[in-house]
1. Within region 322-331, is there a residue that is in contact (Cβ under 8 Å) with a residue 12 or more places away in the chain, over 25 Å from Leu178 (Cβ atoms) and surrounded by 14 or more Cβ atoms within 10 Å (Cβ to Cβ)?
2. Provide a single number: the residues in region 47-65 that are assigned to a loop (DSSP other than H, G, I, E, B) and in contact (Cβ under 8 Å) with a residue 40 or more places away in the chain.
3. Can you name the condition, by its number, that Asp66 falls short on among (1) more than 21 Å from the chain's Cα centre (by Cα); (2) under 24 Å from Ala132 (Cα atoms); (3) modelled with pLDDT of 95 or more?
4. Of the residues in region 246-266, how many are assigned to a strand (DSSP E or B) and either under 23 Å from Leu332 (Cβ atoms) or not assigned by TED's automatic domain parsing to the domain that holds Ile353 (or both)?
5. When you scan region 99-119, how many residues do you find that are over 22 Å from the mean Cα position of the chain (by Cα) and touching a residue at least 24 places away in the same chain (Cβ under 8 Å)?
6. Restricting attention to region 295-312, which residues are aliphatic (A, V, I, L, M) and either more than 15 Å from Lys378 (Cβ to Cβ) or not assigned by TED's automatic domain parsing to the domain that holds Gln253 (or both)?
7. When the residues of region 103-119 are filtered to those that are part of a loop (DSSP other than H, G, I, E, B) and not polar (S, T, N, Q), which remaining residue is surrounded by the most Cβ atoms within 10 Å (Cβ to Cβ)?
8. List the residue pairs whose Cβ atoms are under 8 Å apart, where the first residue sits in region 214-238 and is assigned by TED's automatic domain parsing to the domain that holds Glu351 and basic (Lys, Arg), the second is surrounded by 14 or more Cβ atoms within 10 Å (Cβ to Cβ) and in a strand (DSSP E or B), and the two are 6 or more positions apart or on different chains.
Amino acid sequence: MGDVVEIIDGDRGENYPGNGELLASGYSVFLNTKNVSGTKFDFNNVQFISEGRNHLLRKGKLERGDFVLTTRGTIGNVAHYGKDIQYEHIRINSGMVILRPKQNIIDERFFNLFLIGQAFKNQTVSLQSGSAQPQLPIRDLQRFEIKLPPLTEQAKISDILWVFDEKIANNNQIIKTLEEMAQAIFKEWFVKFHFPGYEKVEFVDSELGRIPKGWEVKRLGDLGKIVTGKTPSTKDKDNFGNIYPFVTIPDLQNGMFVMSTERFLSEQGGESMRVSKLPAGAICVSCIATVGLVGITTQNSFTNQQINSVLPSSQELQTFLFLLLRRMKTSLQSYASGGTAAPIISKGVFEKIPAIVPSEDLVENFHKIISPMFEKIKIALEENQKLAAMRDLLLPRLMSGEIRV
């Protein structure tokens, strides 16, 4: 790979910014590994450095068309710094490198396809080193092998496979728009209290402040059954298979619905945990380490012990409860014990967390408006799964030359 891309390290010298120099806003994004998730950037929790600090750093600045690869701790996540990224100035931290394709040797889109393909993943696993903190040194990255057809053929392969990625990107934009619409309506109705007919409603005192008359403060445990997951014995390999999705925290980072999981349980594994079995439509909330991620199951599933799930007491309550919990992320974190190193919300604490709950008829009206949006999001995610599967089936065959274009 060293023959076809320039591998650029970040500046790790005396000018490397300390924690006290990282800002909530500033001149240049300073990436951390959480900002490179899977195959894309995640700027939900982004930090910056000042213009002065940026100019002191000699290396590690992204140019449009570059790729970022995580190489320490979390290995193998990649993201493309294309024209769609809103930030003009981005630098990498010490846990990643920049991959800059060499012009007239490798097509930018073709290289992107290589980075998301199985051949790259296999080499990442085989060449990484270190057990306490896995790492992928530049000297080993340079040894990665990539089968490179002529530039014209690279472009043709990219044209074929890019159709799938464009459709996935379009679906992701639809999903983003629908989620923003649902969240905006939730905020208008249940945060600003500008729900239909609000002008005629009286307000009364509650433990959470002034609320419309007829609304209540309830505990999460009053809104549905709370189920805490567990992990079956990992010593018995027969507990794991391909029957039941086994939801863990990384699976909650991929959108509103849990469409796929890294691991599955077998019938035996599911039977050993039958009391914590979740139906489709359960709302999973991460409550240990990373607190406040929320996702909805799409089939019978199980979770590990880091997740408390809510089985809404009615179908109409599901959309309201999901958006409520999503919005409660910061307040959920305040209920965690164990400090910042290992925050945890036990089932007992979780089910007693208070929330403002509207009148039943308002919840039903809200569900009638929002549930079609949720359904469209689910359909788009399902289509993305199929498109990705088709792309991944074609990818190795085209890249290896098995299918010629």
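1. No; the residues of region 322-331 include none that is in contact (Cβ under 8 Å) with a residue 12 or more places away in the chain, over 25 Å from Leu178 (Cβ atoms) and surrounded by 14 or more Cβ atoms within 10 Å (Cβ to Cβ).
2. Residues that pass the stated criteria total 5.
3. Exception for Asp66: condition (2).
4. Qualifying residue count, region 246-266: 4.
5. 13
6. Answer for region 295-312, where residues must be aliphatic (A, V, I, L, M) and either more than 15 Å from Lys378 (Cβ to Cβ) or not assigned by TED's automatic domain parsing to the domain that holds Gln253 (or both): Ile307, Val310, Leu311.
7. Filtering first and then ranking leaves Asp107.
8. Here the result reads Lys218/Pro354; Lys218/Ala355; Lys218/Val357; Arg219/Pro354; Arg219/Ala355; Lys225/Val310; Lys225/Leu311, each pair linking region 214-238 to a residue that is surrounded by 14 or more Cβ atoms within 10 Å (Cβ to Cβ) and in a strand (DSSP E or B).
The values are calculated or read from the model by the stated rules, or taken from the named source; none is laboratory data. Keep in mind that what you see is a predicted model, and the values were worked out from it rather than measured. Counting neighbours? That spans all protein chains shown, and the Cβs are built from the backbone with ideal geometry, glycine included.
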